[in-house]
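Quick notes on the structure that follows.
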Amino acid sequence: MTVLVTGGAGYIGSHMVLALVDAGEDVVVLDNLSTGFQWAISPKAELVIGDIGDQELAARVISERGVNAIVHFAGSIVVPDSVADPLGYYSNNTVKSRALIEVCVHQKVPHFIFSSTAAVYGIPVGNPVYEDSDLAPISPYGSSKLMTEWMLRDSAAAYDLEYVALRYFNVAGADPQGRSGQSTPRATHLIKVACQTMLGQRDHMDVFGKDYDTPDGTCVRDYIHVCDLISAHVDALMYLRGGGHSGVFNCGYGEGYSVLDVIKSVEKAGGKPIDVRDAPRRAGDPPALIAGADKVRAELGWQPQHNDLDKIVEGALAWERHLQLRNDAA
Ligand code: UDP
């Protein structure tokens, strides 16, 4: 019984690999190392360097290792890049996922867990956003993920396959044991940018819009600790193995924090103020995005352990310091 983790060298995938090996599972990672890092993969997992779109390779990995579940993280995740290069995003996120799902079906792998996104909701009409809210992605990234959800839904109806798609809200933080964290150098995410500013890697940071219809005028998001996100994947795996049926689940805490709340938390963690400047709104940002997170608790039995913005931020800052030392030493 081996679990195949695609994209296991990436931020979220590497945390999944850690959780699985910590739980005593056999893990094989398929990753082309285009954005991930080999050092982020637990030495207890096997790494196969290659592309998820390579059906021959994926089939070989699955049959040789006796894979009975796939957790699929590999893909491209930068929303503005998806606007600039939609066909690249549909190729990487949709076409290659189709190839992987086809191999999964042919090889009779019964369980598939998919890394989806709250971007499938686009700009929600109201908050919190539940799984049955309107699906109206506003970026090729969101569309590419939604198309994969649909391929899974239709494949599960037609073949012997059960899947769980997890729609991530704003994932942040790092492994409390300091084994992995958000390591992408060209970061755009708020907590990472604020931590880099705290460490002097940026001379200032921008707040994209202070005129939203929110309590302090800045955008509100539901920040979820990466370890809680991963425990939802582990719960999903147990659920499927226990005979659970296919489904889609939001992953967030159901609580919102503003951009200014996050910056305050980073300043508290770092012990000093950072240079924060007002900037125009960023295209495509919904004013608020908060998960309706009842279903994941009720049906998967998810019990988050790290629901604390200050702790999430402290972990992210500690990881950023670790990366800085690593890069200085290189
Ligand atoms: N944001 C910001 N400055 C930054 C990065 C992000 O003001 O340097 C804001 C962004 O406009 C959004 C929120 O922080 O309102 C979260 O953005 P992020 O890119 O982290 O995640 P998203 O919600 O876009 O997936």
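Points to keep in mind about this one:
- Debye-sum result for the stretch 78-233 in log10 I(q)/I(0), which assumes one identical scatterer on each alpha carbon, at q = 0.12, 0.14, 0.19 Å⁻¹: -0.66, -0.88, -1.41
- Cα gyration tensor shape for the stretch 1-59, rounded if a/c is under 1.5, else prolate or oblate: oblate
- Length gained on full extension, LEU33 to ALA330, computed as 0.36 nm times the residue gap minus the Cα-Cα distance: 105.0 nm.
- Each peptide in 246-253, 184-191 receives the mean, over its residues, of other Cβ atoms within 10 Å, and ordering these scores from highest gives 246-253, 184-191.
- The order of the peptides 275-287, 27-39, 53-65, 5-17 by mean Cβ neighbours within 10 Å, most packed first, is 5-17, 27-39, 53-65, 275-287.
- Remark on VAL248: its backbone amide H falls under 5 Å from those of ALA165, a criterion applied only to residues 5 or more positions apart or on other chains, H modelled at 1.01 Å from N.
- Averaging Cα coordinates gives a centre for the stretch 274-330 and one for the stretch 16-32; these two points are 23 Å apart.
- Ranked from largest, the principal axis spans of the Cα set of the stretch 236-330 equal 50, 37, 23 Å.
- Summed residue charge, Cβ within 14 Å of ILE263's Cβ, Lys/Arg positive, Asp/Glu negative: +1
- The stretch 41-162 gives an Rg/Rh value of 1.00, both radii derived from C-alpha positions and Rh following Kirkwood.
- Between helix 96-106 and the chain: long-axis angle, C-alpha atoms, 0 to 90°, nearest 10: 30
- Taken along the Cα-to-beta-carbon direction at a fixed 7 Å, the label points for ASP206 and MET238 span 4.4 nm.
- Within the same chain, aspartates and glutamates fewer than 8 places from LYS295 are excluded, and of the rest, those with a Cα less than 18 Å from its Cα are GLU131, ASP132, ASP134, GLU149, GLU162, ASP222, ASP228, ASP235, GLU255.
- The convex hull built on the alpha-carbon positions of the chain has an orientation-averaged projected area of 15.7 nm².
- Calculated [θ] (222 nm, deg cm²/dmol) that DSSP helices of n ≥ 4 give over the chain, each run adding -39,500 (n - 2.57): -12000 deg cm²/dmol
- Two-site FRET efficiency, LYS44 against ASP278, from Cβ-Cβ distance with R₀ of 45 Å, rounded to 0.05: 0.45
Values in this text are rule-based calculations from the coordinates and carry no lab data. Bear in mind that the values here come from a model prediction, so they are computed numbers and not experimental data. Heads up, the Cβs are rebuilt from the backbone with ideal geometry, glycines too, and the neighbour counts pull from every protein chain shown.
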